[in-house]
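One structure is given below, encoded as C-alpha coordinates.
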Amino acid sequence: MGKIRALYMKYRELIRYIIVGGMTTVVSLGTYYLLVFTVLDPKDALQLQIANVISWIAAVTFSYFASRSYVFASKNENVLKEMIDFYIARLATLGMDMGIMFVFVTLLGCNDKIMKIIVQFVVTIANYVFAKLFVFKKGQRVAKEEQKSEEYK
(Lines give C-alpha, C1' and ligand atoms only; values in the text may rest on other atoms or scores of the structure.)
Protein backbone atom coordinates (compact mmCIF):
# COMPACT_ATOMS: atom_id res chain seq x y z
CA MET A 1 0.00 0.00 0.00
CA GLY A 2 2.92 2.31 0.71
CA LYS A 3 4.22 1.96 -2.84
CA ILE A 4 0.81 2.83 -4.29
CA ARG A 5 0.60 5.91 -2.08
CA ALA A 6 4.12 6.94 -3.06
CA LEU A 7 3.27 6.55 -6.75
CA TYR A 8 0.07 8.54 -6.28
CA MET A 9 1.95 11.33 -4.49
CA LYS A 10 4.56 11.40 -7.23
CA TYR A 11 1.97 11.60 -10.04
CA ARG A 12 -1.00 13.12 -8.19
CA GLU A 13 -1.21 16.21 -10.38
CA LEU A 14 -1.33 14.13 -13.54
CA ILE A 15 -3.80 11.64 -12.02
CA ARG A 16 -6.03 14.48 -10.88
CA TYR A 17 -5.80 16.06 -14.32
CA ILE A 18 -6.99 12.83 -15.92
CA ILE A 19 -9.90 12.61 -13.45
CA VAL A 20 -10.91 16.22 -14.13
CA GLY A 21 -10.57 15.56 -17.87
CA GLY A 22 -13.00 12.66 -17.61
CA MET A 23 -15.44 14.77 -15.63
CA THR A 24 -15.05 17.61 -18.15
CA THR A 25 -15.96 15.20 -20.94
CA VAL A 26 -19.11 14.23 -19.02
CA VAL A 27 -20.02 17.93 -18.59
CA SER A 28 -19.45 18.57 -22.30
CA LEU A 29 -21.45 15.59 -23.52
CA GLY A 30 -24.13 16.05 -20.87
CA THR A 31 -24.65 19.69 -21.79
CA TYR A 32 -24.68 18.92 -25.50
CA TYR A 33 -27.18 16.06 -25.20
CA LEU A 34 -29.38 17.99 -22.79
CA LEU A 35 -29.59 20.85 -25.30
CA VAL A 36 -30.24 18.74 -28.39
CA PHE A 37 -32.79 16.52 -26.66
CA THR A 38 -34.73 19.45 -25.18
CA VAL A 39 -34.47 22.89 -26.78
CA LEU A 40 -32.19 22.77 -29.82
CA ASP A 41 -32.65 20.85 -33.07
CA PRO A 42 -29.39 19.18 -34.15
CA LYS A 43 -30.76 18.85 -37.71
CA ASP A 44 -30.59 22.63 -38.00
CA ALA A 45 -26.93 23.51 -38.69
CA LEU A 46 -27.01 26.73 -36.67
CA GLN A 47 -28.69 25.12 -33.66
CA LEU A 48 -26.21 22.23 -33.83
CA GLN A 49 -23.30 24.67 -33.64
CA ILE A 50 -24.98 26.62 -30.83
CA ALA A 51 -25.29 23.39 -28.83
CA ASN A 52 -21.66 22.58 -29.57
CA VAL A 53 -20.43 26.02 -28.48
CA ILE A 54 -22.53 26.05 -25.30
CA SER A 55 -21.26 22.57 -24.37
CA TRP A 56 -17.65 23.71 -25.01
CA ILE A 57 -18.13 26.79 -22.80
CA ALA A 58 -19.71 24.70 -20.02
CA ALA A 59 -16.90 22.14 -20.20
CA VAL A 60 -14.09 24.71 -20.23
CA THR A 61 -15.67 26.64 -17.36
CA PHE A 62 -16.03 23.46 -15.30
CA SER A 63 -12.48 22.43 -16.20
CA TYR A 64 -11.09 25.81 -15.13
CA PHE A 65 -12.60 25.70 -11.66
CA ALA A 66 -11.81 22.00 -11.14
CA SER A 67 -8.25 22.45 -12.41
CA ARG A 68 -7.75 25.57 -10.33
CA SER A 69 -8.77 23.94 -7.08
CA TYR A 70 -8.27 20.19 -7.46
CA VAL A 71 -5.43 19.72 -9.95
CA PHE A 72 -3.12 22.73 -9.62
CA ALA A 73 -4.31 24.17 -6.26
CA SER A 74 -3.91 27.73 -7.50
CA LYS A 75 -3.90 30.57 -5.01
CA ASN A 76 -3.63 33.29 -7.65
CA GLU A 77 -5.73 36.20 -6.42
CA ASN A 78 -6.36 37.47 -9.95
CA VAL A 79 -8.98 34.85 -10.82
CA LEU A 80 -10.31 36.76 -13.83
CA LYS A 81 -6.88 36.99 -15.51
CA GLU A 82 -6.20 33.36 -14.74
CA MET A 83 -9.57 32.35 -16.20
CA ILE A 84 -8.98 34.41 -19.34
CA ASP A 85 -5.55 32.79 -19.75
CA PHE A 86 -7.20 29.37 -19.34
CA TYR A 87 -9.78 30.16 -22.03
CA ILE A 88 -7.09 31.49 -24.37
CA ALA A 89 -5.08 28.29 -23.90
CA ARG A 90 -8.18 26.18 -24.60
CA LEU A 91 -8.98 28.25 -27.68
CA ALA A 92 -5.43 27.60 -28.88
CA THR A 93 -5.88 23.84 -28.49
CA LEU A 94 -9.30 24.04 -30.14
CA GLY A 95 -7.53 25.66 -33.10
CA MET A 96 -4.88 22.95 -32.96
CA ASP A 97 -7.64 20.30 -32.98
CA MET A 98 -9.36 21.89 -35.97
CA GLY A 99 -6.08 22.41 -37.86
CA ILE A 100 -4.88 18.84 -37.39
CA MET A 101 -8.27 17.46 -38.40
CA PHE A 102 -8.33 19.68 -41.50
CA VAL A 103 -4.86 18.64 -42.62
CA PHE A 104 -5.16 14.92 -41.94
CA VAL A 105 -8.82 14.35 -42.82
CA THR A 106 -9.65 16.98 -45.43
CA LEU A 107 -6.31 17.33 -47.18
CA LEU A 108 -4.73 13.90 -46.69
CA GLY A 109 -7.89 11.78 -46.59
CA CYS A 110 -7.23 9.98 -43.29
CA ASN A 111 -10.06 8.31 -41.40
CA ASP A 112 -11.81 10.99 -39.32
CA LYS A 113 -12.73 8.64 -36.45
CA ILE A 114 -9.16 7.45 -35.97
CA MET A 115 -7.75 10.95 -36.37
CA LYS A 116 -10.20 12.35 -33.79
CA ILE A 117 -8.93 9.86 -31.21
CA ILE A 118 -5.31 10.72 -32.01
CA VAL A 119 -6.08 14.43 -31.91
CA GLN A 120 -7.77 14.07 -28.52
CA PHE A 121 -4.55 12.65 -27.07
CA VAL A 122 -2.52 15.49 -28.61
CA VAL A 123 -4.97 18.15 -27.37
CA THR A 124 -5.17 16.64 -23.88
CA ILE A 125 -1.38 16.74 -23.55
CA ALA A 126 -1.27 20.29 -24.92
CA ASN A 127 -4.03 21.39 -22.51
CA TYR A 128 -2.06 20.00 -19.56
CA VAL A 129 1.20 21.65 -20.67
CA PHE A 130 -0.47 25.01 -21.33
CA ALA A 131 -2.33 24.91 -18.01
CA LYS A 132 0.80 23.98 -16.06
CA LEU A 133 3.21 26.38 -17.78
CA PHE A 134 1.08 29.38 -18.70
CA VAL A 135 -2.06 29.44 -16.57
CA PHE A 136 -1.35 27.85 -13.20
CA LYS A 137 2.29 28.80 -12.86
CA LYS A 138 4.31 27.04 -10.16
CA GLY A 139 4.84 30.22 -8.14
CA GLN A 140 1.08 30.72 -7.87
CA ARG A 141 0.30 27.23 -6.61
CA VAL A 142 -0.03 26.11 -3.05
CA ALA A 143 3.10 25.11 -1.19
CA LYS A 144 0.84 22.81 0.82
CA GLU A 145 0.83 20.33 -2.08
CA GLU A 146 4.61 20.08 -1.84
CA GLN A 147 4.38 19.62 1.91
CA LYS A 148 2.01 16.70 1.39
CA SER A 149 4.53 14.90 -0.77
CA GLU A 150 7.20 15.36 1.91
CA GLU A 151 4.90 13.71 4.46
CA TYR A 152 4.75 10.52 2.39
CA LYS A 153 8.47 10.17 1.70
Worksheet item: Could you list, in sequence order, the residues of the range 14-40 that are open to solvent by 70 Å² or more (accessible area, probe 1.4 Å) and not β-branched (V, I, T)?
Response: L14, M23, L29, Y33, L34, F37
Item to complete: Would you tally the residues in the range 53-88 being surrounded by 16 or more Cβ atoms within 10 Å (Cβ to Cβ), more than 14 Å from the chain's Cα centre (by Cα), not polar (S, T, N, Q) and not in a helix (DSSP H, G or I)?
Response: 1
Worksheet item: List, please: which pairs have Cβ atoms under 6 Å, are six or more places apart or on different chains, and start with a residue in the range 1-30 that is on the phi > 0 side of the Ramachandran plot and modelled with pLDDT of 90 or more and end with one that is outside any helix (DSSP H, G or I) and surrounded by 13 or more Cβ atoms within 10 Å (Cβ to Cβ)?
Response: none
Worksheet item: When D97 is evaluated against the numbered criteria (1) open to solvent by 30 Å² or more (accessible area, probe 1.4 Å); (2) farther than 28 Å from K10 by Cα, which criterion, by number, is the only one it fails?
Response: (1)
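Would a scan of the range 104-113 turn up a residue that is over 14 Å from Y17 (Cα atoms), hydroxyl-bearing (S, T, Y) and touching a residue at least 24 places away in the same chain (Cβ under 8 Å)?
Keep residues of the range 104-113 that are over 14 Å from Y17 (Cα atoms), which gives 104-113.
Restricting the remaining residues to those that are hydroxyl-bearing (S, T, Y) gives 106.
Cutting the leftovers down to touching a residue at least 24 places away in the same chain (Cβ under 8 Å) gives us none.
The answer is no; no qualifying residue exists.
The values are calculated or read from the model by the stated rules, or taken from the named source; none is laboratory data. All values reported here derive from a predicted model rather than from experimental measurement. Methodologically, a virtual Cβ is constructed for each residue, glycine included, from the backbone with ideal geometry; neighbour enumeration extends over all protein chains shown. Areas reflect the complete protein model, heavy atoms only, side chains present, ligands, DNA and RNA absent. Shrake-Rupley method; radii C 1.70, N 1.55, O 1.52, S 1.80 Å.
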